[in-house]
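Please read the structure below before turning to the comments.
The values are calculated or read from the model by the stated rules, or taken from the named source; none is laboratory data. In this text the structure is predicted, and so the values were computed from the model without any measurement. Here Cβ is always computed from backbone atoms with ideal geometry, including for glycine, and neighbour counts include all displayed protein chains.
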Amino acid sequence: MNNCLLEVKNLHTSFFTDAGEVKAVRGISFSLEQGKTLGLVGESGCGKTVTALSIMQLLPNQAKITPGGSILYKGKELLRLSQEELRKIRGREISMVFQEPMTALNPVFTIGEQIREAIELHGNLNKKEATNEVIKLLKDVGIPEPNKRIKDYPHQLSGGMRQRVLIAMALASFPSLLIADEPTTALDVTVQAQILELIGALQGLKKIAIILITHDLGVVAERVDFVAVMYAGVIVEYASTQNLFNEPLHPYTKALLGSIPKLEDKDAKLNTLKGSVPVLTELPAGCIFYERCKEKSARCKDITPELVEVKEGHWAACCLYEKG
Amino acid sequence: MFWKRFKKNKLAVIGGILVFGLFAVAIFAPLLAPYDPDIINMEQVLQSPGAAHILGTDDLGRDVLSRMIYGTRISLSIGFIAIAIATIIGVILGSISGYYGRLIDSLIMRLVDIMLSVPTFFLLLTVLAIVGPSIWIVMFVIGLTGWMSIARLVRAEFLTLKEREFVQAARSIGASDARIIFRHILPNALTPVYVSFILGVAGAILMESGLSFLGFGVQPPTPSWGNILTAGREYMEVAWWLILFPGIAIFITCLSYYILGEGIRQALDPKLKI
């Protein structure tokens, strides 16, 4: 696996709060090849964002990555780098687009200044060259009249425009990996489509690998090569997008796909997934999905299923597929 | 936006004009003063206000108006430099305290508590009594004992601002701590600092006047409002103008700084409807 860009192995991340240890991410592993896209799907609070922040190592103070795991980026162990070395990787190698374009830009600087900063942090361009680069980037992300817009402050732009600016900022130093944490959640549907299209187009243009975090399966279906479905801090199913949609294996994935309303039958009742995600401070023994599962059996209560390769390249963590 | 809101507050505009006027007086003192403030004229001792000397003369025949005009320079520069020192220290310590939190925060905040428990005025008197009166010492001591409230304000702003997403975004493009503190967070945290700066200047002017009145501040013959007042104290019964006018000057100056500071605070506070 030489063209492997990112390899996450057995990553555990916990928050140490007054209420006890909250195990937000509990041993997830996945890998991503150069130029490919991975969709990280799951409902709120299942550890998607924490996974992303763990890779960037931008976790809040009370969160800790449990020793024993590993995050290899281009063969380098990110968990063993110093703050200074990490700083050089952030932005230049791995960058991130955040969920809230409204708050992720600094309100007191023009967008031109902010993108230019991202360029200047890692390059050695002079001010004029950097400004030209900013204009080029803004053009790339589809902002009209970029040489006028660079003097705008964030509050003068719409949500979609701001998200474009953030994407330009993230791409400023030509990273190899872009982590997009729900980049379209805060935007309305038409703008969502535009932004996703933009990300797709830029990926083709700049040959970057993307981890797209979302709770929207529709977003995933069109844009990514592989999908990892997360539930309560673990990956329950991992497959190529096509396989996952054609033949979901894990009951959770099935339920998720079943809950998407279909245009064809208007009278059909909307399928919902009953219950809620277990509290992460007091996880039950056995399968974490037990309470809500439609295909549960007696032994699910005792066995914690491992992620196994059910078919080639299609992994699931469920007792249905456990051997023996 | 700021100007629109500020202009609606008539009192604050008056305060602003007065402060601006004081600056003009300080800058153009040589042009405005009708006499040399240091020229002693024994034939004109203790003249009451009249045509030749609008605000009268003092016990050495010096023109009170001219001395007060020159005194503006001293009073304003002490106020400004002292508070500038306090603001720089306060902003730096407050930023570091709020951004890093934990042990550093506790250490700096306990230092603030300790400093706040020291009565500034008596500390100043003690220091000046030991090293001898000097304008510079006055400025530095006022500065070194006045930074605590600014540090607290900046720290409080940092505590909320550091959790904002743009800080994380800055980190995600590889910005260093120093860059995040001073370039990304600080400009967002300055609003209360402006107000506290302006109010601080008024306090420092008042403190300087008090020290000069006690004879520890600006030394004669350099004119400052405080020492004109002191010199006039002995002749209070025969020459009321010697204490009345410097007193009014100190009063108006402080008042205009306070209403200007309050006006700026109100104009910058988005929660307040004007």
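Descriptive notes on the structure:
- Total residues in the range B:170-197, condition at the interface with chain A (Cβ under 8 Å from one of its Cβ atoms) and either within 26 Å of B:LYS271 (Cβ to Cβ) or polar (S, T, N, Q) (or both): 5
- Leading residue by the ranking (nearest to A:HIS122 (Cα to Cα)) among those in the range B:160-169 that are part of a loop (DSSP other than H, G, I, E, B) and more than 8 Å from chain A (Cβ to nearest Cβ): B:LYS162
- Of the strands (runs of 3 or more DSSP E) lying entirely inside the range A:207-295, those containing at least 1 residues that are at negative phi and touching a Pro at 6+ places or on another chain (Cβ under 8 Å) are A:209-214, A:234-240.
- Pairs linking a residue in the range B:1-29 that is charged (D, E, K, R) to a residue that is in a helix (DSSP H, G or I), with Cβ atoms under 9 Å and 6 or more positions apart or on different chains, are B:LYS4/B:ALA267; B:ARG5/B:GLN266; B:ARG5/B:ALA267; B:ARG5/B:LEU268; B:LYS7/B:VAL13; B:LYS7/B:ALA267; B:LYS8/B:ALA267.
- Some residue of the range B:231-245 being out of contact with any Asp or Glu (no Cβ under 8 Å at 6 or more places or on another chain) and buried (at least 23 other Cβ atoms within 10 Å of the Cβ): no
- Residues of the range A:154-172 classified as over 17 Å from A:GLU100 (Cβ atoms) and away from chain B (no Cβ under 11 Å), total: 1
- Considering each residue of the range A:69-78 in turn, at least one proves to be out of contact with any Gly (no Cβ under 7 Å at 6 or more places or on another chain), among the hydrophobic types (A, V, I, L, M, F, W, C), more than 9 Å from chain B (Cβ to nearest Cβ) and under 25 Å from B:GLY101 (Cβ atoms).
- Pairs meeting the criteria (first residue in the range A:140-156 and in contact (Cβ under 8 Å) with a residue 40 or more places away in the chain and closer than 26 Å to A:GLN203 by Cβ, second residue among the acidic types (Asp, Glu) and in a helix (DSSP H, G or I), beta carbons under 9 Å, at least 6 apart or on different chains) are A:ILE150/A:GLU113.
- Within the range A:173-192, considering residues that are of a type in the set (A, V, I, L, M, F, W, C) and at pLDDT below 85, the one surrounded by the fewest Cβ atoms within 10 Å (Cβ to Cβ): A:VAL189
- In the range A:112-121, the residues that are at the interface with chain B (Cβ under 9 Å from one of its Cβ atoms) and crowded, with 22+ Cβ neighbours inside 10 Å: A:GLN114, A:GLU117, A:ALA118
- Residues that are in contact (Cβ under 8 Å) with a residue 24 or more places away in the chain, within 28 Å of B:GLY143 (Cβ to Cβ) and of a type in the set (A, V, I, L, M) are absent from the range B:39-56.
- Test: residue in the range B:147-157 that is surrounded by 18 or more Cβ atoms within 10 Å (Cβ to Cβ), farther than 27 Å from B:GLY232 by Cβ and within 14 Å of chain A (Cβ to nearest Cβ): yes
- Any chance B:TYR99 is buried (at least 19 other Cβ atoms within 10 Å of the Cβ), within 14 Å of another protein chain (Cβ to nearest Cβ), in a helix (DSSP H, G or I) and not charged (D, E, K, R): yes
- Hits in the range A:51-103 (condition: more than 21 Å from A:LEU40 (Cα to Cα) and of a type in the set (Asp, Glu)): A:GLU77, A:GLU84, A:GLU85
- Cβ-Cβ distances below 6 Å connect the following pairs, each with a first residue in the range A:92-111 that is facing chain B (nearest Cβ under 7 Å), a second residue that is assigned to a helix (DSSP H, G or I) and aromatic (Phe, Trp, Tyr), and a separation of six or more residues or different chains: A:ALA104/B:PHE166; A:LEU105/B:PHE166; A:ASN106/B:PHE166.
- Members of the range A:43-68 that are within 14 Å of chain B (Cβ to nearest Cβ) and in a loop (DSSP other than H, G, I, E, B): A:GLN57, A:LEU58, A:LEU59, A:PRO60, A:ASN61, A:GLN62
- All positions within the range A:27-45 that are under 25 Å from A:LYS274 (Cβ atoms) and surrounded by fewer than 19 Cβ atoms within 10 Å (Cβ to Cβ): A:GLU43, A:SER44, A:GLY45
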